[in-house]
1. How about the stretch 173-192: which of its residues are of a type outside the set (S, T, N, Q) and surrounded by fewer than 19 Cβ atoms within 10 Å (Cβ to Cβ)?
2. Please count how many residues of the stretch 171-213 are among the β-branched types (V, I, T), assigned to a loop (DSSP other than H, G, I, E, B) and more than 17 Å from K144 (Cα to Cα).
3. Within the stretch 8-47, take every residue that is farther than 30 Å from S93 by Cα and in a loop (DSSP other than H, G, I, E, B) and give me the one that is most open to solvent (accessible area, probe 1.4 Å).
4. Can you confirm whether the stretch 210-220 contains a residue that is open to solvent by 30 Å² or more (accessible area, probe 1.4 Å), in contact with a Cys (Cβ under 8 Å, 6 or more places away or on another chain) and farther than 14 Å from N257 by Cα?
5. Taking the residues in the stretch 253-269 that are closer than 17 Å to Y53 by Cα and open to solvent by 20 Å² or more (accessible area, probe 1.4 Å) as candidates, determine which candidate is nearest to the chain's Cα centre (by Cα).
6. Residue by residue through the stretch 340-367, note down the ones that are on the phi > 0 side of the Ramachandran plot and either of a type in the set (K, R) or out of contact with any helix residue (DSSP H, G or I) (no Cβ under 7 Å at 6 or more places or on another chain) (or both).
7. Can you report the number of residues in the stretch 337-354 which are among the hydroxyl-bearing types (S, T, Y) and either under 14 Å from F324 (Cβ atoms) or open to solvent by 20 Å² or more (accessible area, probe 1.4 Å) (or both)?
Amino acid sequence: WYWQKEKREPYVKFMEANYPPGFSYEDFGPLFTAEFFDPNQWADILKASGAKYVVLTSKHHEGFTLWGSKYSWNWNAVDVGPKRDLVAELATSVRSRTDLHFGLYHSLFEWFNPLFLEDATNVFKTRKFPTSKSLPELYEIVTKYQPEIIWSDGNGNAPDTYWNSTGFLAWLYNDSPVRDTVVTNDRWGVGSICTHGGFYTCSDRYNPGHLLPHKWENCMTIDKRSWGYRRNAQLDDYLTTEDLVKQLVETVSCGGNLLMNIGPTHDGRIAVVFEERLRQMGAWLQVNGEAIYGTKPWRAQNDTVTPEVWYTFSPKEGKVNAIFLNWPVSGTLELGEPQAKLGETQVKLIGYKELLKWVALGEKGMAIALPQLTPKQLPCQWGWTLQLTDIN
């Protein structure tokens with residue numbers, strides 16, 4: 001898009017410098033080889049990350065499908081490049097080796113598809129593209145792979161009536177093989193985003209910092225600048241594990257899920273830097289998972305006195321979780337929001353055995369004495385959780 005349509009200078013120059021003259025986008029097809037793609041290894045990394053669902057990009061805006069779609073002749077991973085059904089392989093590995101829910105991303109429109117361009121020229125009064133390509137593909141992936149999440153994207157500035165989104169969704173929720181389990185997002189045509197859908201995505205990297213009344217998802221990338229793999233990325237371009245834990249905690253406290261994107265390589269690897277970030281997130285969740293999984297937003301999302309403290313609520317146990325991202329130098333953490341009850345309220349640091357001492361601060365708020373621990377004794381890095389029981 002940047003190279004062929006917008007003709008942005010850095011992209012044009014990059015292609016001129018690194019590829020032979022007359023090289024077309026289609027010439028990338030055979031170069032996408034996936035010889036190191038090991039779906040079992042991917043499944044193991046995904047499981048270790050602590051994630052509960054995975055969404056694979058089955059087709060992006062350039063129309064190349066990662067399965068052998070009969071509606072994408074000679075422009076799919078079975079006919080060109082890997083010569084493998086990558087969707088089937090990952091689905092099988094994820095389902096046999098993990099308890100993650102398997103989802104598929106699918107782009108409705110395609111940047112340069114002549115049928116789509118023709119419909120667009122006709123101001124979407126004709127519907128050649130959705131009827132012959134986009135919709136048949138959606139029915140195909142649902143029937144064939146039975147994904148539990150359909151992550152739709154790319155409305156191409158066309159209304160949902162052009163895409164027949166309601167017709168497809170009615171089939172999906174009433175008659176499809178996944179009708180009882182499937183979840184969908186909000187990108188089904190102009191005007192539907194952040195308004196209709198099982199969960200809202202609103203925009204890429206959406207993190208409102210306040211409570212939303214509807215379930216939502218913060219869909220963002222570990223590489224700050226790209227959704228794909230960049231061979232020339234610098235270490236600085238990647239979010240640190242501190243950054244990612246902060247994103248997770250802010251998102252969950254405001255009622256959202258975090259969908260963290262990684263870009264694999266042309267030869268099918270998850271780059272080591274992405275693997276490390278995923279495994280570190282998993283290590284953090286092994287300790288603090290009870291403050292994240294199955295929680296609901298509390299009456300306050302973040303603390304009024306101390307910055308970088310975010311709250312979640314565990315309804316089954318009736319516990320308030322205060323996740324703090326900076327360990328105070330004084331050894332005392334002041335919280336402005338909880339109303340503690342003398343002789344009843346208990347404070348526990350997740351991953352540390354003994355209860356913590358605390359004092360109330362007036363009507364509302366409390367000061368908590370944190371244990372004196374060496375870095376090796378800390379239950380985890382990057383952020384810690386206090387569990388408060390019997391709080392007003």
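1. Here is the first cut: in the stretch 173-192, the residues of a type outside the set (S, T, N, Q) are 173, 175, 177-180, 182-183, 186-191.
Correct list: Y173, D175, P177, V178, R179, D180, V183, V190, G191.
2. Taking the stretch 171-213 and keeping what is among the β-branched types (V, I, T), we get 178, 181-184, 190, 193, 195, 201.
Okay, now just the ones that are also assigned to a loop (DSSP other than H, G, I, E, B), so 178, 181-182, 190, 193, 195, 201.
Add one more test, that the residue is more than 17 Å from K144 (Cα to Cα), and what stays is 190, 193, 195, 201.
Counting residues in the stretch 171-213 that are among the β-branched types (V, I, T), assigned to a loop (DSSP other than H, G, I, E, B) and more than 17 Å from K144 (Cα to Cα) gives 4.
3. P21
4. no
5. Keep residues of the stretch 253-269 that are closer than 17 Å to Y53 by Cα, which gives 255-263.
Add one more test, that the residue is open to solvent by 20 Å² or more (accessible area, probe 1.4 Å), and what stays is 257-262.
Working: N257: 7, L258: 5, L259: 1, M260: 4, N261: 6, I262: 9 Å.
The residue in question is L259.
6. Going residue by residue through the stretch 340-367, those that are on the phi > 0 side of the Ramachandran plot are 343, 351, 362, 365.
Residues satisfying the conditions are G343, G362, G365.
7. Step one: of the stretch 337-354, the residues among the hydroxyl-bearing types (S, T, Y) are 345, 352.
From what is left, the residues that are either under 14 Å from F324 (Cβ atoms) or open to solvent by 20 Å² or more (accessible area, probe 1.4 Å) (or both) are 352.
Total meeting the criteria: 1.
For every residue, the table says whether it meets (1) over 22 Å from T241 (Cα atoms); (2) open to solvent by less than 10 Å² (accessible area, probe 1.4 Å); (3) of a type outside the set (A, V, I, L, M); (4) touching a His at 6+ places or on another chain (Cβ under 9 Å).
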{"position": "S314", "(1), (2), (3), (4)": "yes, yes, yes, no"}
{"position": "E317", "(1), (2), (3), (4)": "yes, no, yes, no"}
{"position": "V320", "(1), (2), (3), (4)": "yes, yes, no, no"}
{"position": "L335", "(1), (2), (3), (4)": "yes, yes, no, no"}
{"position": "L356", "(1), (2), (3), (4)": "yes, no, no, no"}
{"position": "L373", "(1), (2), (3), (4)": "no, no, no, no"}
{"position": "K376", "(1), (2), (3), (4)": "no, no, yes, no"}
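The values are calculated or read from the model by the stated rules, or taken from the named source; none is laboratory data. Since this is a predicted model, take the numbers as computed values, not measurements. With ideal geometry, Cβ positions are generated from the backbone for all residues, glycine too; neighbour counts draw on all protein chains shown. Keep in mind that these areas ignore ligands, DNA and RNA; they rest on the heavy atoms of the full protein, side chains included. Shrake-Rupley method; radii C 1.70, N 1.55, O 1.52, S 1.80 Å.
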